[in-house]
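Engineer: Right, I'll just put the structure down here and ask away after.
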Amino acid sequence: MSRNRVVAGLAIVGIAALGLTVLMAAGDPADKNRATATPQTAAGKTLVCLGMVDTEDKMIGIYPNNFPQPSQVIKVLKKEGDEVKAGEELLELDSELAALKVTEADDAISAATAELAKAEATIRAFDSGIKVTQKEILAKEAELNARKKELEDARIAVRDGNKSKADLSIFEANVLAADLTLQATQLKLELAKSESPTYLRDLANANIKRLQVLKKQAETARDQIKCTAKADGKIIRTFVSEGSSFGPMTRDPAFWFVKKGPLLVRAEVTQEFANRVSKGQSADIEDETDSKQRWSGIVTKVGEQFLPKRHATGGALDIFPVNDDRVLECLVSIDVPVGQSPPRFGQKVRVTIGK
């Protein structure tokens, strides 16, 4: 019985060892890719590195023009893969509320304009009242002069004995009354001038200007409720559908967008082999997993600094990399032979430089 157990144990160990050998022989595909991407130092003339097909301007996320203000999608006008022109609308957004704000501002301006007309009418009436009072003063002055003339005549008549002194007092009272009436009218004019309603016109004009600014703000808010292309280019990916909403808490853009321009390769060279790459070198480009897909190119630009690797999407630098590996980024043009399909944006490639 013990001998059978020993034999069975040895068999299990043998099977396990065989499986481990097979796994080690197969290896990780990623490890193979990394191995093939290791610079070839034996010949001392070529450099092999990995890269990604990209454009010189990095991919950007497009949000509605009024973001992060709330907006809701009524209709998606462009889809993934569409080429668009600068300023072309990509989404139809609900702008009814913003349009109502503009209408409200228009109505308020109309009401303020009516208030201005009312103020102008009040001022005209006031000016007419001033003119009337001024004419009243002229009449009162004429009346006072007439009473003074009557008093003078009465004094002459008393002196000549044609009138008694009692009659003279009546004329003196008439002069005093006329003088007091004139003074009252003059005071009335001064008081009226101090209460000029011209301020009503100033207030109405100021209110109209304020409302015009509010209308401009409402129109700007309405016109910003759009989602437009920032330049000529192509929609790479869509994250939006009818009924989608945007607001301060929204993280994903409506679209990923790439500006129109030639495709190129962003090749990454480690610091150890950076001195072996220079502008103008020829390059062979092939798909990372399919060597049958091949193109040629030239190094058009070599970076001036070592930086963390870019993210796989968006071309943004990884500010918080998992490790401290830094690379020198090189741009390589892509020459597509006649009849051959070009590489796709975002495609991972292997680049042989200096062949």
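Engineer: Is there a residue in segment 195-216 that is in a helix (DSSP H, G or I) and farther than 30 Å from residue 107 by Cα?
Structural biologist: Here is the first cut: in segment 195-216, the residues in a helix (DSSP H, G or I) are 198-216.
With farther than 30 Å from residue 107 by Cα added as a condition, the list becomes none.
No: zero hits.
Engineer: Here's a check for you: in segment 333-351, which residue that is open to solvent by 30 Å² or more (accessible area, probe 1.4 Å) and among the β-branched types (Val, Ile, Thr) is modelled with the highest pLDDT?
Structural biologist: Of everything passing the filter in segment 333-351, 334 is modelled with the highest pLDDT.
Engineer: Output the number of residues of segment 83-112 satisfying the condition of being more than 19 Å from the chain's Cα centre (by Cα) and small (Gly, Ala, Ser).
Structural biologist: Here the count works out to 5.
Engineer: May I ask you to list the residues in segment 83-105 that are in a helix (DSSP H, G or I), open to solvent by 60 Å² or more (accessible area, probe 1.4 Å) and touching a residue at least 40 places away in the same chain (Cβ under 8 Å)?
Structural biologist: 101, 104
Engineer: Here's something else I'd like to know. Could you grab me the full set of residues in segment 54-76 that are open to solvent by 70 Å² or more (accessible area, probe 1.4 Å) and among the aliphatic types (A, V, I, L, M)?
Structural biologist: Residue satisfying the conditions is 74 alone.
Engineer: Which of the residues belonging to segment 225-242 are more than 17 Å from the chain's Cα centre (by Cα), in contact (Cβ under 8 Å) with a residue 24 or more places away in the chain and either part of a strand (DSSP E or B) or surrounded by fewer than 17 Cβ atoms within 10 Å (Cβ to Cβ) (or both)?
Structural biologist: The answer is 232, 233, 234, 235, 236, 237, 238, 241, 242.
Engineer: Can you pull out the residues in segment 258-273 that are open to solvent by less than 10 Å² (accessible area, probe 1.4 Å) and more than 18 Å from residue 347 (Cβ to Cβ)?
Structural biologist: 269
Engineer: Among the residues of segment 127-137, write down those that are closer than 21 Å to residue 176 by Cα and surrounded by 12 or more Cβ atoms within 10 Å (Cβ to Cβ).
Structural biologist: Across segment 127-137, the qualifying residues are 133, 134, 136, 137.
Engineer: Given (1) modelled with pLDDT under 90; (2) open to solvent by less than 20 Å² (accessible area, probe 1.4 Å), where does residue 255 come up short, assuming only one miss?
Structural biologist: (1)
Engineer: Same structure, new question: Name the one entry in 245, 169 that is more than 30 Å from residue 120 (Cβ to Cβ), more than 20 Å from the chain's Cα centre (by Cα) and not basic (Lys, Arg).
Structural biologist: None of the others qualify; the one that does is 169.
Engineer: Any idea which residue in segment 278-305 is surrounded by the fewest Cβ atoms within 10 Å (Cβ to Cβ), counting only those that are over 41 Å from the mean Cα position of the chain (by Cα) and in a loop (DSSP other than H, G, I, E, B)?
Structural biologist: 292
The values are calculated or read from the model by the stated rules, or taken from the named source; none is laboratory data. Not measured: the values here are computed from a predicted model. Cβ: placed from backbone, ideal geometry, glycine included. Neighbour counts: every protein chain shown. Heavy atoms of the whole protein, side chains included, go into the accessibility calculation; ligands, DNA and RNA do not. Shrake-Rupley method; radii C 1.70, N 1.55, O 1.52, S 1.80 Å.
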